Amino acid sequence: MKRFVLGAVTLLATGATAPVSAADYYPPPPPQAPPQVAYPITADCYRWFGPYIGGNLGYAWGTVENNLAKPSGLAGGLQGGFNWQNGPYVFGIEGDIQVTGAEDTFAPWKFSNPWFGTIRGRAGYTFANVMFYGTAGLAFGELRAETFGLTESHTSAGAYPQDNA
């Protein structure tokens with residue numbers, strides 16, 4: 001009886017298993033091309049954040065009220081600032097200082113503007129690597145007049161000083 005039970009269990013175990021054949025082989029899927037990644041040019045691709053410093057060289061000219069003098073000459077200086085960016089919006093602060101050789105003599109008077117500078121705030125909007133912006137702030141500088149060995153100098157800030165007398 002032992003043999004009968006052992007044979008029945010063996011028969012059941014053999015019948016319960018499925019045979020394996022070559023038709024059950026599934027090859028691995030073919031390799032796929034890497035996904036195409038589009039890199040659109042947006043304001044996020046360019047960062048307008050952080051500090052900066054630079055130099056400049058140019059030419060200054062102007063006029064003197066109630067006089068025919070027109071001071072002009074080379075100008076140059078340094079500027080620096082810091083920008084903050086939030087999406088396409090850029091905000092910043094900038095300052096500069098310039099020295100000039102702008103001067104002119106009319107009759108016995110010599111007029112000059114030996115230095116000037118500005119402190120400004122900035123607000124702008126970026127389109128990729130282009131930023132449109134506006135600035136507003138305070139301008140200051142020295143105006144000097146000389147005649148017959150005498151010199152008068154004024155350091156001014158903002159608009160041209162006016163007498164309220």
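The values are calculated or read from the model by the stated rules, or taken from the named source; none is laboratory data. Note that the structure is predicted; figures quoted are calculated from it, not measured. Here Cβ is always computed from backbone atoms with ideal geometry, including for glycine, and neighbour counts include all displayed protein chains.
Before we move on, is Asn113 surrounded by 13 or more Cβ atoms within 10 Å (Cβ to Cβ), in contact with a Leu (Cβ under 8 Å, 6 or more places away or on another chain), in a strand (DSSP E or B) and not acidic (Asp, Glu)?
Criteria met by Asn113.
Please work out which one of (1) assigned to a helix (DSSP H, G or I); (2) at pLDDT 75 or above is the condition Asn56 fails and give its number.
(1)
Tell me yes or no: at least one residue of region 141-149 is of a type in the set (Gly, Ala, Ser), part of a strand (DSSP E or B) and in contact with an Asp or Glu (Cβ under 7 Å, 6 or more places away or on another chain).
Yes.
Scan region 85-94 residue by residue and report those that are at pLDDT 95 or above, of a type outside the set (Val, Ile, Thr) and surrounded by fewer than 17 Cβ atoms within 10 Å (Cβ to Cβ).
Hit for region 85-94 is Phe91, nothing else.
Looking at region 117-140, is at least one residue in contact (Cβ under 8 Å) with a residue 12 or more places away in the chain, of a type in the set (S, T, N, Q) and in contact with a helix residue (DSSP H, G or I) (Cβ under 6 Å, 6 or more places away or on another chain)?
yes
Quick one: Ala107 ticks every box in (1) at pLDDT 90 or above; (2) exposed (fewer than 14 other Cβ atoms within 10 Å of the Cβ); (3) within 30 Å of Gly149 (Cα to Cα) except a single one, so which number is it?
For Ala107, the failing item is (1).
Select from region 16-53 the residues that are out of contact with any strand residue (DSSP E or B) (no Cβ under 6 Å at 6 or more places or on another chain), in a helix (DSSP H, G or I) and of a type in the set (A, V, I, L, M) and write down the one among them that is modelled with the highest pLDDT.
Among them, the one singled out is Ala23.
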